[in-house]
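Working notes, structure below.
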Amino acid sequence: MEDIREVEKLVATDRCDVCGAQAYIRVQMDSGELLFCAHHGNANKTKLQPLVINWHDQSEELNKK
Ligand SMILES: [Zn+2]
């Protein structure tokens, strides 16, 4: 049996590390974790890709309302 951990869901109080807007993207890396809004997530995706362990994008889910 494997212990599969769900990625922690982003909530309304999670903020983009760059601009402080609501975070929609959680990026997990060896060195830690970053939160981004949809804009900065996309802007940094290419640059961060080699370091990323898990790219958790919740933007679609949060846009549904
Ligand atoms: Zn941002």
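Read the figures in this text as sums done on the coordinates, not as results from a lab. Note that the coordinates shown come from a computational prediction; the quantities given were computed from them, not determined experimentally. With ideal geometry, Cβ positions are generated from the backbone for all residues, glycine too; neighbour counts draw on all protein chains shown.
General observations
- Expressed in units of 2.2 N^0.38 Å, where N is the residue count, the Cα radius of gyration of the range 8-51 is 1.06.
- Cα-projected label distance for Ala21 with Glu61, points at 7 Å along beta-carbon direction, nm: 2.0 nm
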